[in-house]
Amino acid sequence: MHKLALTRDSILSLLILFTLVFFMIRLAPGDPVRLLVGVSGSQEQVEEVRRQLGFDLPVWRQYFVYLSNVLHLDSGNSIVSGRPVVLEVADALPYTVSLVAISLLLALVFAVPAGFAAAIHRGTFVDALVTAGSVGIASIPAFWLALVLIDYLSVRLGLLPSSGASSWRHAILPAIVLATSQFGIIARLVRTSVVDELASDYIRTARAKGARPWRVMTIHVMRNAAVPVVTIVGLQFGLLLGGAVVTETIFNWPGLGRLMIRSLLLRDYPVIQFLVLTFGVGITILNLLIDLLVSVIDPRLKSGEGR
């Protein structure tokens with residue numbers, strides 16, 4: 001019953017998201033057909049292209065036509081490149097997924113130990129340093145950090161390429177920028193979760209029974225503290241899939257964010273709509289995977305039992 005309700009809610013959320021985006025992009029100023037034909041095109045050419053693309057129909061009919069096509073797994077063609085939209089997205093998707101995965105892995109490598117150290121040494125200089133550092137790092141604008149890294153590491157020192165995606169070295173700078181934005185969130189969440197677990201009654205009981213410190217930390221604290229961390233990291237992964245627009249644009253990374261910017265500028269409606277649908281489906285699937293992973297980490301959550 002729970003899975004059925006979850007699936008129903010997910011489908012309803014996707015339908016609402018798709019409907020909002022479909023009508024909102026048509027409220028934006030600009031005529032995609034005029035952009036496609038060019039300023040030198042005649043009015044007759046504009047009307048002919050408009051008819052071929054179906055933009056001469058009322059908006060509500062365009063909506064149901066596109067919705068019907070999506071249900072039949074037909075995402076249409078890009079009105080700019082003429083290629084199937086699914087191929088446009090499929091070309092960009094691996095770049096964004098790999099970049100987001102690397103950046104989150106990088107953030108976890110530094111944020112989890114920092115959060116644990118701050119929690120274990122609560123109230124000390126280490127705690128203050130991690131807390132203040134997390135807030136400071138999270139406050140750095142991504143575009144500013146990207147420009148600084150390009151200036152020093154690419155232009156002045158020539159250590160890393162500033163744009164493109166032709167080798168693994170091209171992923172280092174954009175991954176650092178995205179990881180920096182996640183470090184503060186994850187470190188503070190880990191600290192809070194571990195502090196809460198260390199103050200729990202079952203931890204005091206385990207210590208009173210003579211459990212060794214390493215066993216208390218690895219068996220009890222880490223497992224229970226991992227539940228909120230896994231949830232947030234999974235949600236951040238989904239948000240970064242659609243939120244890496246600035247970073248991908250600055251570093252000319254050929255992912256979904258750069259594709260979205262290009263499609264918005266050219267009013268490529270089919271690509272925009274399919275990208276939003278892809279983000280929505282991706283986040284929905286991630287939420288389902290998070291639920292499964294959390295229930296594996298803590299089986300009591302699956303059965304609805306409290307701690």
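Rundown of residues vs (1) at pLDDT 80 or above; (2) closer than 15 Å to Asn224 by Cα; (3) open to solvent by 20 Å² or more (accessible area, probe 1.4 Å); (4) outside any helix (DSSP H, G or I), yes/no style:
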residue: Gly257; (1), (2), (3), (4): yes, no, no, no
residue: Ile261; (1), (2), (3), (4): yes, no, yes, no
residue: Arg267; (1), (2), (3), (4): yes, no, yes, yes
residue: Val271; (1), (2), (3), (4): yes, no, no, no
residue: Thr278; (1), (2), (3), (4): yes, no, yes, no
residue: Val296; (1), (2), (3), (4): no, yes, yes, no
residue: Lys302; (1), (2), (3), (4): no, yes, yes, no
residue: Gly306; (1), (2), (3), (4): no, yes, yes, yes
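Just so you know, in region 69-124 the residues that are in contact with a helix residue (DSSP H, G or I) (Cβ under 8 Å, 6 or more places away or on another chain) and of a type in the set (D, E, K, R) include one that is modelled with the highest pLDDT, and it is Glu88.
Residues that are of a type in the set (A, V, I, L, M), open to solvent by 30 Å² or more (accessible area, probe 1.4 Å) and under 20 Å from Val230 (Cα atoms) do not occur anywhere in region 140-156. Where helices (runs of 4 or more DSSP H) fall wholly inside region 125-232, the ranges with 1 or more residues that are of a type in the set (D, E, K, R) are 125-138, 172-198, 201-208. Answer with yes or no whether Phe183 is open to solvent by 70 Å² or more (accessible area, probe 1.4 Å) and either modelled with pLDDT of 90 or more or farther than 23 Å from Trp214 by Cα (or both). So Phe183 fails the test.
Would you call Ala90 surrounded by fewer than 15 Cβ atoms within 10 Å (Cβ to Cβ), out of contact with any Leu (no Cβ under 8 Å at 6 or more places or on another chain), within 30 Å of Leu14 (Cβ to Cβ) and among the small types (Gly, Ala, Ser)? When the stated conditions are applied, Ala90 passes them. Please verify whether Leu129 is free of Cβ contacts under 8 Å to residues at least 12 places away in the same chain and within 30 Å of Ile219 (Cβ to Cβ), treating the condition exactly as stated. So Leu129 fits the description; yes. When the criteria are applied in full, Ile102 fails the requirement of being over 24 Å from Leu235 (Cα atoms) and either open to solvent by 50 Å² or more (accessible area, probe 1.4 Å) or outside any helix (DSSP H, G or I) (or both).
Under the condition of being open to solvent by 60 Å² or more (accessible area, probe 1.4 Å) and under 15 Å from Leu240 (Cβ atoms), the residues counted in region 105-114 number 2.
Here Ile137 meets each of (1) under 26 Å from Val229 (Cβ atoms); (2) free of Cβ contacts under 8 Å to residues at least 24 places away in the same chain; (3) open to solvent by 50 Å² or more (accessible area, probe 1.4 Å) with one exception, condition (2). Kindly indicate the residue of region 227-241 that is open to solvent by 30 Å² or more (accessible area, probe 1.4 Å) and more than 15 Å from Ala175 (Cβ to Cβ) and also farthest from the chain's Cα centre (by Cα) among those meeting that condition. The residue in question is Pro228. Is it the case that Ile11 is within 25 Å of the chain's Cα centre (by Cα), closer than 22 Å to Leu275 by Cβ and hydrophobic (A, V, I, L, M, F, W, C)? Yes; evaluated as a whole, the condition is true for this residue.
When region 121-134 is examined, which residues are found to be of a type in the set (Val, Ile, Thr) and either open to solvent by less than 30 Å² (accessible area, probe 1.4 Å) or more than 18 Å from Ile185 (Cα to Cα) (or both)?
Once the filter is applied, which keeps residues that are of a type in the set (Val, Ile, Thr) and either open to solvent by less than 30 Å² (accessible area, probe 1.4 Å) or more than 18 Å from Ile185 (Cα to Cα) (or both), region 121-134 yields Thr124, Val130.
Taking region 1-81 and the helices (runs of 4 or more DSSP H) fully enclosed by it, the elements with 3 or more residues that are free of Cβ contacts under 8 Å to residues at least 60 places away in the same chain and surrounded by 13 or more Cβ atoms within 10 Å (Cβ to Cβ) are at 32-37, 43-53, 59-71. Within the span defined as region 204-222, every residue fails to be open to solvent by 40 Å² or more (accessible area, probe 1.4 Å) and within 20 Å of Ser75 (Cβ to Cβ).
The values are calculated or read from the model by the stated rules, or taken from the named source; none is laboratory data. These numbers were taken from a predicted model, which means no experiment stands behind them. All Cβ positions, glycine included, derive from the backbone under ideal geometry; neighbour counts span all protein chains shown. When the accessible area is computed, the model is the full protein with side chains, heavy atoms only, and any ligands, DNA or RNA have been set aside. Shrake-Rupley method; radii C 1.70, N 1.55, O 1.52, S 1.80 Å.
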